[in-house]
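Just below is one structure, and these are the notes that go with it.
The values are calculated or read from the model by the stated rules, or taken from the named source; none is laboratory data. The structure displayed is predicted, hence computed values, not measured ones. Note that we place each Cβ from the backbone using ideal geometry, even for glycine, and neighbour counts take in every protein chain shown. SASA here: full protein model, heavy atoms, side chains in, ligands and nucleic acids out. Shrake-Rupley method; radii C 1.70, N 1.55, O 1.52, S 1.80 Å.
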Amino acid sequence: MKKYLQILTLLGISLSLTACGNLKNSDLANNAKTSSNSSPKTYQTTDTGNNGYTVLLKNGHYVTSPISGLTATDNDNSVDTRELERGLVQISKGVYSTNSYVFQEGQYISATVANQWLGRKSKSNPTGLNPKIGTKKNYQPIYLEEIIEQDFLTGSGSNYHIGGISIGLALNSIDYYQKKKDGPEYQAQISRAQQKQYGQAVAQQVVARLRKKKALKNVPITIGLFAKESKDSLVAGTYFLSGTAGANSSKITKWKTINTQAEVLPTVGGKKAINSSDASSFNSFKESIQNYFPNISGVTATLRYENGKLAQENITITTQFYGYEQIQSFTRLVLSTAKKYLANDVPIEIKIGSVNDIQALVAKETGDSSYQVHIYGGE
């Protein structure tokens, strides 16, 4: 197993948690990270923005999860990472109100435990959640690729405590493996039905194990099942099921289907777009800016749909110019063209840059907000 460092840039951070704000001091004496033989830690929280969670800080620093980036294999798809985290936050909003809970990255599953759970079950690793490898003729794939944890605290002032926890279980759609060292690579396809069956069984095991922790005996535990894409996919995976074990329950008795789709435009190989109107709007936007500036290497968009409706559009424009006035002029063109052709009622992010540098950002955080423009090194 390998731990990958997640590099969170300004442009890559999801805005679903909270907007930046003033800090509020508080001493969280009941927080899981406070020990009995030390003085209480000083905590702060960021102000809530855009219907997001207030985020808990410790001594002015963002608290990261010890299991962040841990994967079962080396075949992880980097485009899945953001959606795995963002999607779990969205699921959590339906269980833990943003008005009542404070967010913190998971602190209850250690790196050691996560590595054991992501491993195959064996005599030496009885807690492994992936099956024994099987035989050459009957290979058993790695189903569970990644686990993420998000914690939600309640309280006020100096008395905060864990109020709920969410777990994301990322399940492979394809397991890449070799029958012998340095041999050819094979692929084991994993269907949605297999993901569902295995994921639900693993979820129940995870809930039961978390219930053994004193702090988690009587809090809701929410589980989201995430379907990963192939390792070379340009489209991120999506959550397809979620369920919650109530505060005094060790089982999830009801699962909710999540209808989320993602695609990259322009489509390739004759693939039909999810929504022809959205695809047409993007093509008009793309053609307009390409006609104005010939030195553009490419324009691509990643769209996310929820319940059949467009929920987010992210566009990347790769340029071949570096002049100050060229970037200024082009960014103004992109802004006016976006207003003319792109959807008015969804969040949109447009990144403009060369192969090596980000040159400008045009974005609106919500469907009803105005576009904001930032030119790097410019006005």
query: Between Q178 and R82, how many nm apart are label points set 7 Å from Cα along the C-beta direction?
result: 3.3
query: What FRET efficiency would be calculated for the residue pair S250, T64, taking the C-beta separation as r and a Förster radius of 30 Å, to the nearest 0.05?
result: 0.60
- request: Can you bin segment 291-379 into rounded, prolate or oblate? Criterion: square roots of the alpha carbon gyration tensor eigenvalues sorted a ≥ b ≥ c, rounded for a/c under 1.5, prolate for a/b above b/c, oblate for the rest.
  value: prolate
message: Using 0.36 nm times the number of residues separating Y292 and D74, minus their current alpha carbon distance, what extension gain do you get?
response: 74.2 nm
- request: With the full set of protein chains in place, find how many percent of the accessible area of the chain is carbon and sulfur; take the probe as 1.4 Å.
  value: 48
query: What are the residues whose amide H is under 5 Å from the amide H of V55, where those residues sit 5 or more places off or on another chain and H is modelled from the backbone?
result: T46, F103
- request: Would you mind getting me the FRET efficiency between F321 and T154? Use the beta-carbon distance for r and R0 = 45 Å, nearest 0.05.
  value: 0.30
message: Can you tell me the length gained on complete extension of the stretch K309 to L333, counting 0.36 nm per residue apart and subtracting the Cα distance?
response: 5.9 nm
- request: Return the sequence-ordered ³J(HN,Hα) values of segment 109-119 in whole Hz as given by the Karplus equation 6.51 cos²θ - 1.76 cosθ + 1.60 applied to θ = phi - 60°, using x for Gly and Pro.
  value: 9, 7, 4, 4, 5, 4, 4, 5, 5, 6, x
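Provide the per residue accessible area, probe 1.4 Å, for the chain, rounded to a whole number of square angstrom.
Normalised by residue count, the accessible surface of the chain is 51 Å².
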task: Using only Cα atoms, find the angle between the long axis of helix 276-292 and the longest principal axis of the chain, and express it within 0 to 90 degrees, rounded to the nearest 10.
output: 50
query: What do you reckon, how do S280, S233 stack up by accessible area (1.4 Å probe), largest on top?
result: S280, S233
message: For volume of the Cα convex hull per residue in Å³, one of [x] 128; [y] 146; [z] 171 was computed from the structure I shared and the rest are decoys. Which label?
response: [z]
Degrees between helix 324-341 axis and first principal axis of the chain (Cα, 0 to 90, nearest 10): 80
message: Only four residue types carry charge here, +1 at the Cβ of Lys and Arg and -1 at the Cβ of Asp and Glu. Report the dipole size of segment 291-368 about the Cα centre in Debye, rounded to the nearest 20.
response: 160
query: Under the definition of Cα pairs under 8 Å and six or more residues apart, what whole-number percent is the relative contact order of the chain?
result: 10
field: 3J(HN,Hα) from dihedral phi, segment 52-69, Karplus parametrisation 6.51/-1.76/1.60, rounded to Hz, x for glycine, proline
entry: x, 7, 5, 9, 7, 10, 10, 6, x, 10, 5, 8, 9, 7, x, 9, 4, x
